[in-house]
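Comments concern the structure below.
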Amino acid sequence: MRKMWAVLLAAALSAALLAVGPAATPAAAADRALALTPPMGWNGWNAFACKVDEHTLEQTADLLAANGLQAAGYQYVNIDDCWMSRDRDADGRLVPDPVKFPHGIKGVADYVHARGFKLGIYESAGTLTCADLPGSLGHEQQDANSFAAWGVDYLKYDNCHSQGVPAKQRYGAMSEALAATGRPIVYSICNWGLEDVASWGATMAQLWRTTTDILPSYDRMIANFHVNVQLADGARPGAWNDPDMLEVGNGLTAAEDRTHFSLWAAMAAPLIAGTDLRTASAATLAVLGNTEVIAVDQDPLGKQGRPVSMAGGLDVLAKPLADGSVAVTLVNETAQSALVSTTAAAAGLPGAARYIVRDLWEHTTGESAGAIGAVVPGHGAAMFRVAPADGPAA
Ligand code: GLA
């Protein structure tokens, strides 16, 4: 009798298992606390592409400290593609290029950690990286262990040479491998917005790319904005849409640089600077270092700004902030200057007789009965922090 019960129980259990299907590899749940606000830092790709080495990274860390950007919040020093040797070692481990990294990745990690920074690295969820160096597909745990042993704090995980394996599976495997190392490592999915990553990225990572690669071109920057701005529902503390790294200082006009930085802050995007800090102009540093705009990006409420209106190339975005004020961003995508305007009510502010309007680029404070607007130069932007006069900014 007892045996029969056991058989029946076993049959019932396997039927239940069959009904659920084979367990999908559960991606490790992302630790939201690792990125409660969008990550800020620097990555060499946009300025140096494959010309990466320990000297440049360490010099950049020193410059971030000296030029005030570290104090403004830039924390990660991130290595992109091309840091490794063509071949894994005899035990299958990734090997840092000995010419570019004579002290290994651990040497750079120690250097930046001693100066209060964190270190990021790059790999690909494929058999090769985009520069055709060894990829991590099938080597997830071994590579995650290397990163952890070297003291890496952030992984950008690219999408080249994927061998047709579904993204969720490839990215989930690395998510689990990172969690298994026991080291807190921010996980940045870089699958270019494919396979609907915005709908599942937050289940396993702190940020995920939503677009194809940015370039130092106004049109490419605006194209990424147009895609990313539609995905506001998915962003929250610890989980961010990533419209790609910053091109500020890399050839856009002064007005375009301001627009780029304003839009990224309005969308609570990661702020990963990508310009050569050895030659960056005062104007570039002033954009990257605008702490009033950075405060909008880093606001603890963690809301991504939404379009209030986008018509005829004139865009208005509203981003609610933790203190009850709203960041209002006005962008003119056309070539001629134009009036871009909205109202406090349309931006989601409560009714009030007067509003305090702080201009985040001019650093001036004014008042308004409700109209918010500016004549914005072609390709330019204006950005305001608006609060009821009896509210937080009063
Ligand atoms: C892809 C990524 C870029 C960069 C390069 C490196 O194109 O999207 O951000 O990492 O690979 O090869």
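So the values come out like this:
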| quantity | calculated |
| --- | --- |
| HN-Hα J in Hz across segment 337-351 - Karplus 6.51, -1.76, 1.60, θ = phi - 60°, x for Gly and Pro | 5, 8, 7, 10, 8, 8, 10, 4, 5, 5, 7, x, 7, x, x |
| Solitary cysteines of the chain, where the nearest other Cys Cβ is not under 4.7 Å | CYS190 |
| Table column - 3J(HN,Hα) (Hz), segment 179-188, Karplus curve with 6.51, -1.76, 1.60, x for Gly and Pro | 4, 5, 6, x, 8, x, 10, 4, 10, 10 |
| Placed amide H near THR343: partners under 5 Å, 5+ positions off or other chain | ILE372 |
| Most mobile listed residue (ARG170, ARG306, ARG183) in the chain, GNM with C-alpha springs under 10 Å | ARG183 |
| Heavy atoms of ILE372 accessible to a 1.4 Å probe, total area in Å² rounded to 10 | 10 Å² |
| Choice from VAL357, VAL77, VAL165 showing the highest fluctuation, given a GNM over the chain with Cα pairs closer than 10 Å | VAL165 |
| Compactness index (Cα Rg / 2.2 N^0.38 Å), the chain | 1.09 |
| J(HN,Hα) series, segment 84-91, from Karplus relation 6.51 cos²θ - 1.76 cosθ + 1.60, nearest Hz, glycine and proline x | 10, 6, 5, 10, 6, 7, 4, 8 |
| Sequence-distant residues sharing a close amide H with ASP80 (under 5 Å, placed H) | GLY44, TRP45 |
| Gyration tensor (alpha-carbon) shape descriptor, segment 281-337, a/c threshold 1.5 | oblate |
| Residue-level accessible surface for ARG115, protein heavy atoms, 1.4 Å, Å² | 100 Å² |
| Placed amide H near SER309: partners under 5 Å, 5+ positions off or other chain | VAL316 |
| Label-point separation, ASP196 to ALA254 (7 Å along Cα→Cβ), nm | 4.7 nm |
| Where Cα atoms sit under 15 Å apart: lysine pairs in the chain separated by 8 or more or lying on different chains | 4 |
| Chymotrypsin sites (Phe, Trp or Tyr not before Pro) restricted to DSSP loop in segment 220-261 with at most 13 other C-beta within 10 Å | none |
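The values are calculated or read from the model by the stated rules, or taken from the named source; none is laboratory data. The shown structure was predicted, so the numbers you read here are calculated from the model rather than taken from an experiment. All Cβ positions, glycine included, derive from the backbone under ideal geometry; neighbour counts span all protein chains shown. In case anyone asks, the SASA skips ligands and DNA or RNA and just uses the protein heavy atoms, side chains included. Shrake-Rupley method; radii C 1.70, N 1.55, O 1.52, S 1.80 Å.
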